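Structure record follows, encoded as structure tokens.
The values are calculated or read from the model by the stated rules, or taken from the named source; none is laboratory data. It should be emphasised that the depicted structure is a prediction, and the values quoted were computed from it without experimental measurement. Backbone-built Cβ (ideal geometry, glycine too); neighbour counts: all protein chains shown. SASA here: full protein model, heavy atoms, side chains in, ligands and nucleic acids out. Shrake-Rupley method; radii C 1.70, N 1.55, O 1.52, S 1.80 Å.
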Amino acid sequence: MASAELQGKYQKLAQEYSKLRAQNQVLKKGVVDEQASSAALKEQLKMKDQSLRKLQQEMDSLTFRNLQLAKRVELLQDELALSEPRGKKNKKSGESSSQLSQEQKSVFDEDLQKKIEENERLHIQFFEADEHHRHVEAELRSRLATLETEAAQHQAVIDGLTRKYMETIEKLQNDKAKLEVKSQTLEKEAKECRLRTEECQLQLKNLHEDLSGRLEESLSIINEKVPFNDTKCHLYNALNVPLHNRRHQLKMRDIAGQALAFVQDLVPALLNFHTYTEQRIQIFPVDSAIDAISPLNQKFSQYLHENASYVRPLEEGMLHLFESITEDTVTVLETTVKLKMFSDHLTSYVRFLRKILPYQLKSLEEECDSSLCTPALRARNLELSQDVKRMTAVFEKLQTYVTLLALPSTEPDGLLRTNYTSVLTNVGAALHGFHDVMKDISKHYSQKASIEHELPTATQKLVTTNDCILSSAVTLTNGAGKIASFFGNNVDYFIASLSYGPKTASGFISPLSAECMLQYKKKAAAYMKSLRTPLAESVPYGEAVANRRVLLSSTESREGLAQQVQQSLEKISKLEQEKEHWMLEAQLAKIKLEKENQRIADKLRSTSSAQLPGLAQENATVPTASSQEEAAAKVPTEPVQHTSLVGMLTRMPDSEAPDVESREDLIKSHYMARIAELTSQLQLADSKSVHFYAECRALSKRLALAEKSKETLTEEMRLASQNISRLQDELMTTKRSYEDQLSMMSDHLCSMNETLSKQREEIDTLKMSSKGNSKKTRNR
């Protein structure tokens, strides 16, 4: 693939280079011509400048001469004016002198007349020369401007070509570097492939020895142990289930899917072609909305209106054929029963074409007989009639061969196996003929439509209908070309796949035996699937014994933990009960304290009115209270201990007990510490149990992953053993392909070096010529 891409790429580069070289030659010639024309124009301009200078000099001399003559004429006029009165005075005195003056005057008049005429002639020449000079100067200036613009354009083209050549050179140099790197990598890969080839050859030798030994052993076992061989009888051999080739089935399903897609593209085009033909009959040569069409065209339109019932079943038949080819079946001509359905639908469509063919020919003749038909249009109608006949003949030929291909699935003796190749080849030829016919129809109909559009009576509806028919014909041409090329590319595979079946090469004897074989294949597949069902997982004996010990130790520890948890729960329940009891006691004590405080406050209010009696009474009661305290101090104090489930509490006698608040705080702190201790023990037990559960779950997951990896490794080993034989063949082919690629790349590199050198030389010449042109243009 890489060599093909490189070859295509360099072919494109060579084509572009040849185009640019031809353009360069043309541009060179144009530049040379322009240079020659510019030189000639320069010479002409120089000569015109010289003639202009001469004319200017003559003009100056003539103006100077005219001034002299004008002065002389003035002098003569003055002398004449002076001589006239003198002549009157001396008229009488000298007739001789008058005669002399008269002669001189006539001489002067003649001389003056000649000078005036010469002056007038010179003025006219000067004016004409000036006008001619201006005209020539304007032409030369305009031509000079055009030549300068053309020179600038040529210079821009040369600069663009120079840039393009430089970019091409850089691109080729980059490609050369890439190809060198790629050649080095390919050489490395070739070395690696040689090493792998040697290793595979050794493996192949070992495998050959192993397989030859196994073959001998198998042959001996077969000769000794197999009492019955069912391959001798063809009737029984046809019932044997062939080896399942999944690649072949997938390839056949892919080919059938492509054929279905092509037919699905072809069917709408056929529908549009027939439908728009029906619309055209209603419009031309007589519009049905204005006048009634002929009975022939009415019948033809009625038949064309039924085209969908003949065309759409083709798509349905191909769809059923595609659905019948699955991965689990065996696809040969004897098993493709749905091909008969497609053949029947194609036969019905061919009958439809035969039915409408005479009406279509008569309709074209009717168009030729109409007054609107020109000779060119009549010629196109005759060509279309011949194309329609060829189209019907091609479909009949295709239907015949498809019917022959459908015979093995219905009639066993309808088509011999030796004729399969010729039938498939003829199908491909018929498809190519269909493509050629559709190309001719598209060509002739486009010419016919262009002629009809030029008619004065052509309506917009006719133009639109002709365009629709032409587009449907082009779609049919493209679809026919795709189907023909598709079938031509796969006909070798179709011919090779016909031997896919029983190994005795006799094939399937009859469709009934093929159907029985497919049933046996399904039963065999179900049996193999039942054999492949995995058994229940078992544990080895040594591992089971070790796991049993761990399980026993874990169950013992679990029972101990359960007992501890139960005891902790019981203690917690008792602590909750005591907590509620002491909370009630605390509430009662709080109520008593509030009552006592209320009583003291009431007593203080009642005694506030009588302070003196109260003070006397207090003084009297103080000695009694002090005496009681002394008596109580004499009694020995002994602490009292209270025990419960919560712990031990030491309480002093009531005589030395602290106040109510301190006692409540002590009890509360004791119970809170005990509850915290119990909750910590319970959390520790819970965490240990969760840890053990998580560890057991992780071990079970690891075990499942190990089993899965074991299965994948066994599958990979099986696939590797299957790929060994395939790799051995591929190594030889890759080795040859790499050698061919290296040789081709070396040739390409040599050719690229030559082209690069040539392009550099041409670019140097172009640079020199462009520099010369730029200098000439600057000088000009």
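The table for this structure:
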| item | result |
| --- | --- |
| Pair list, Cβ under 8 Å, 6 or more apart: region 59-75 residue more than 12 Å from residue 112 (Cα to Cα), other residue in a helix (DSSP H, G or I) and open to solvent by 60 Å² or more (accessible area, probe 1.4 Å) | 59/126; 62/126 |
| Failed condition for residue 458, given (1) farther than 15 Å from residue 495 by Cα; (2) part of a helix (DSSP H, G or I); (3) among the hydrophobic types (A, V, I, L, M, F, W, C) | (2) |
| Selection within region 536-571 - at pLDDT below 70 and either touching a Lys or Arg at 6+ places or on another chain (Cβ under 8 Å) or open to solvent by less than 60 Å² (accessible area, probe 1.4 Å) (or both) | 554, 555, 557, 560, 561 |
| Pair list, Cβ < 8 Å and 6+ apart or interchain, from region 364-377 residues that are in a loop (DSSP other than H, G, I, E, B) to residues that are hydroxyl-bearing (Ser, Thr, Tyr) and open to solvent by 60 Å² or more (accessible area, probe 1.4 Å) | 372/457 |
| Candidate set from region 401-450 (those that are over 15 Å from residue 485 (Cβ atoms) and basic (Lys, Arg)); member that is modelled with the lowest pLDDT | 417 |
| Filter result (closer than 30 Å to residue 459 by Cβ and either of a type in the set (A, V, I, L, M) or open to solvent by 30 Å² or more (accessible area, probe 1.4 Å) (or both)) within region 295-329 | 295, 296, 298, 299, 302, 303, 304, 305, 306, 308, 311 |
| Residue check for residue 306: among the acidic types (Asp, Glu) and outside any loop (DSSP other than H, G, I, E, B) | no |
| Filtered residues of region 23-58 (kept if free of Cβ contacts under 8 Å to residues at least 24 places away in the same chain and either of a type in the set (Lys, Arg) or in contact with a Cys (Cβ under 9 Å, 6 or more places away or on another chain) (or both)) | 29, 46, 53, 54 |
